[in-house]
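The values are calculated or read from the model by the stated rules, or taken from the named source; none is laboratory data. Keep in mind that this is a model prediction, so the values were computed, not measured. Neighbour counts run over all protein chains shown; Cβ positions are idealised from the backbone, glycine included.
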Amino acid sequence: MMHTDQSTEQSPSPRIVIVGGVAGGASAAARLRRLDEHASITLIERGADVSFANCGLPYHIGGEIEDRGKLSVQTPASLRAQLAIDVQARTEAISIDRETKTLRIHKLDTDVEEDLGYDKLILSPRSHTAQATTGRHRSSRHIYTAQLTGHGSHQGCR
């Protein structure tokens, strides 16, 4: 009878880096934490807001929700405390080296660049609006856009 050695050694916790917070990135981080309580999860967000109720933005712009802070769902501190997520707000991803599995980041407040290793990388950056420049919708007065600036305040409607 052959005896097989079943090692009790556990594989190391995966290092997961998520680029982009707000809806997609923060939701992915929370879900990953529920799936693996030992994973090392780092959330990189260029702006100050890491979890923001974008669906409430029209109400803020329209004046129904006057306090913009009420649109913040989570803060970097609350994500750290509740889910043990390393949140690096005001940090931008500069480049990805897929061979070495490193992400080059730039910390905006200190102007410091460094490399961050990862096992898994999730890209969930913010998008930018685009308006039709041809056809019947060009320069329509019925098309409005709203965006967050890097500081998290709205730019207004166009």
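A few remarks follow.
- All of (1) more than 13 Å from the chain's Cα centre (by Cα); (2) touching a residue at least 40 places away in the same chain (Cβ under 8 Å) hold for LEU32 with one exception: (2).
- Any hit, segment 44-58, residues being modelled with pLDDT of 95 or more and touching a strand residue (DSSP E or B) at 6+ places or on another chain (Cβ under 9 Å): yes
- Residues (over 21 Å from ARG15 (Cβ atoms) and either touching a helix residue (DSSP H, G or I) at 6+ places or on another chain (Cβ under 6 Å) or in a helix (DSSP H, G or I) (or both)) located in segment 39-60: SER51, PHE52, ALA53, ASN54, CYS55, GLY56, LEU57, PRO58, TYR59, HIS60
- Only residues that are part of a loop (DSSP other than H, G, I, E, B), farther than 22 Å from ARG126 by Cα and aliphatic (A, V, I, L, M) were counted across segment 61-102, and they come to 2.
- For segment 60-81, residues that are modelled with pLDDT of 85 or more, closer than 20 Å to GLY25 by Cα and over 16 Å from the mean Cα position of the chain (by Cα) total 1.
- Selected residue (criterion: surrounded by the most Cβ atoms within 10 Å (Cβ to Cβ)) from residues of segment 12-60 that are of a type in the set (Gly, Ala, Ser) and closer than 12 Å to THR91 by Cα: GLY21
- Residue ID - modelled with the highest pLDDT, chosen from residues in segment 92-146 that are polar (S, T, N, Q) and surrounded by 15 or more Cβ atoms within 10 Å (Cβ to Cβ): THR102
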